[in-house]
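Since the structure comes first, as structure tokens, the remarks are kept for the end.
The values are calculated or read from the model by the stated rules, or taken from the named source; none is laboratory data. For clarity, every value in this text was computed on a predicted model and none was experimentally measured. Cβ coordinates were reconstructed from backbone atoms using ideal geometry, including for glycine residues, and neighbour counts include every protein chain displayed.
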Amino acid sequence: MINNKIRSVVVVEGKKDTQRLRLIDPNVRTIETRGAAVDKDIVALIKKVSKTEEVVVLTDPDFSGERIRRIISQQVSGIKHAFLRQKDAIPGKESHHASLGVEHAPEKAIIRALNEVSREEKEKPKLINKLDLMKLKLLNSPEARIRREYISEKLNLGHVNGNHLAERLQLLGVSLSDLKNILEKKDHE
């Protein structure tokens with residue numbers, strides 16, 4: 001993405017997300033999943049488009065958004081992922097019952113997420129497991145949540161809980177030594 005021109009085809013959850021992206025780039029091309037179910041026709045369309053275009057998944061930083069990512073990732077190879085931070089997707093005061101969403105994110109946060117996309121690396125071996133995460137105090141530790149948030153911020157992983165951290169790190173090809181280096185910097189701050 002250069003000068004607010006979104007060159008990739010962006011997979012979003014719904015029409016409000018498309019409308020939000022069109023405020024940034026009126027010519028953006030999106031594929032809407034129309035919810036967390038992601039029917040087979042949508043997956044087939046994403047597969048077809050991914051053969052000729054760069055496809056980026058930009059979903060809400062919540063359970064449904066993660067489910068959509070997982071469904072697409074399991075069935076379509078070579079896609080990229082853009083992650084919004086939860087704090088950037090909080091609805092404004094006028095939206096009393098709304099949940100986290102791309103449609104609420106400021107332009108700057110969306111542009112940052114799209115500029116920092118991560119390509120899936122399905123062929124890479126499992127690099128980090130849950131035992132590694134426990135040793136690094138990212139699981140089952142009083143400071144685990146704070147350390148995970150730090151890692152998530154530094155690697156632009158989006159919101160991850162303890163169960164999904166190893167999976168997300170593997171998906172993005174982060175090595176154990178990379179993870180240790182990042183945590184060493186945190187420990188010296």
* Report whether or not VAL28 is under 18 Å from the mean Cα position of the chain (by Cα) and of a type in the set (A, V, I, L, M). => no
* Hits in region 139-179 - residues which are part of a helix (DSSP H, G or I), more than 16 Å from the chain's Cα centre (by Cα) and within 28 Å of SER77 (Cα to Cα) -> LEU176, SER177, ASP178, LEU179
* **Count - residues of region 36-63 that are among the charged types (D, E, K, R) and either within 20 Å of GLU103 (Cβ to Cβ) or crowded, with 17+ Cβ neighbours inside 10 Å (or both)** => 2
* If we scan region 121-131, do we find a residue that is modelled with pLDDT of 85 or more and farther than 25 Å from ASP62 by Cβ? -> yes
* **Selection status of HIS104, modelled with pLDDT of 85 or more, at negative phi, crowded, with 16+ Cβ neighbours inside 10 Å and not hydrophobic (A, V, I, L, M, F, W, C)** => yes
* Name the pairs whose Cβ atoms lie under 9 Å apart, with the first residue in region 163-189 and in contact (Cβ under 8 Å) with a residue 12 or more places away in the chain, the second among the small types (Gly, Ala, Ser), and 6 or more positions between them or separate chains? -> LEU165/SER152; LEU169/SER175; LEU171/SER73; LEU171/SER118; LEU172/SER118; GLY173/SER118
* Scan region 154-166 for residues that are more than 15 Å from ASP187 (Cα to Cα) and surrounded by fewer than 16 Cβ atoms within 10 Å (Cβ to Cβ) and jot them down. => ASN161, ASN163
